[in-house]
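The values are calculated or read from the model by the stated rules, or taken from the named source; none is laboratory data. Quick caveat, the model's predicted, so the values are computed rather than measured. Glycine also receives a Cβ, built like all others from the backbone with ideal geometry; neighbour counts cover every protein chain displayed.
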Amino acid sequence: MANSAATGALAMVFANPQPKNGVRLLTPGMYVRIRLPIGKPQPALLVIDRAIQSDQGQRYVYVIDGEGKAQQRPITIGALQEDGLRVITKGLEKSDLVIVGTLQQIQPRMKVRTEERDMPSFGPKIGNADKSK
């Protein structure tokens, strides 16, 4: 296994047996992208990336306060996941309600009508995805 410090690319050798139908999955010189888990998954708060706003480099989301009004909440973001959800490392609690729709119309301290749903994502639906039924 060889690596390139400049690109982060690794050269690896894979077993590539020829199946019964005679077509190999990999051809010599082919580039592949591989994700290797290096540890156990860590629990994290996830928010759909489109709900995250930015103002002069400061990231924030709108959350609903106890009075049913929108409040800007500064956050620190982490990695973007394959399903379109972004890890939030600081600034949100599990119980916070995050606004994900009509963000262009939202202003701080604005009274909003809410509809509580699971966080949307591009990934497969797991469990009971729609609580509104």
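List the pairs whose first member sits in the stretch 72-99 and is without any contact (Cβ under 8 Å) to a residue 12 or more places away in the chain, whose second member is surrounded by 15 or more Cβ atoms within 10 Å (Cβ to Cβ) and basic (Lys, Arg), and whose Cβ atoms are under 8 Å apart, counting only residues at least 6 apart or on separate chains?
What qualifies is Ala79/Arg86.
Are there any pairs, at least 6 apart or on different chains, whose C-beta atoms fall under 8 Å, with the first in the stretch 115-127 and aromatic (Phe, Trp, Tyr) and modelled with pLDDT under 80 and the second in a loop (DSSP other than H, G, I, E, B) and surrounded by 11 or more Cβ atoms within 10 Å (Cβ to Cβ), and if so, which?
Close Cβ pairs (under 8 Å, with a partner that is in a loop (DSSP other than H, G, I, E, B) and surrounded by 11 or more Cβ atoms within 10 Å (Cβ to Cβ)) amount to Phe122/Asp83; Phe122/Gly84.
Residue under question is Leu80, and the condition is that it be touching a helix residue (DSSP H, G or I) at 6+ places or on another chain (Cβ under 8 Å) and closer than 21 Å to Pro41 by Cα; does it hold? Step through it out loud before you land on a result.
Values: touching a helix residue (DSSP H, G or I) at 6+ places or on another chain (Cβ under 8 Å): yes; closer than 21 Å to Pro41 by Cα: yes.
For Leu80, the condition - touching a helix residue (DSSP H, G or I) at 6+ places or on another chain (Cβ under 8 Å) and closer than 21 Å to Pro41 by Cα - is met.
Within the stretch 81-103, does at least one residue satisfy the condition of being modelled with pLDDT under 90, farther than 30 Å from Ala11 by Cβ, more than 17 Å from the chain's Cα centre (by Cα) and in a loop (DSSP other than H, G, I, E, B)?
yes
Filter the stretch 44-62 down to the residues that are closer than 17 Å to Glu93 by Cα, assigned to a strand (DSSP E or B) and of a type outside the set (Ser, Thr, Tyr) and list them by number.
Leu45, Leu46, Val47, Ile48, Arg59, Val61
Somewhere in the stretch 47-57, is a residue farther than 30 Å from Pro120 by Cβ and either over 28 Å from the mean Cα position of the chain (by Cα) or among the acidic types (Asp, Glu) (or both)? Show your work before the answer.
Start the filter on the stretch 47-57 by keeping residues that are farther than 30 Å from Pro120 by Cβ, which leaves none.
No, the stretch 47-57 contains no residue that is farther than 30 Å from Pro120 by Cβ and either over 28 Å from the mean Cα position of the chain (by Cα) or among the acidic types (Asp, Glu) (or both).
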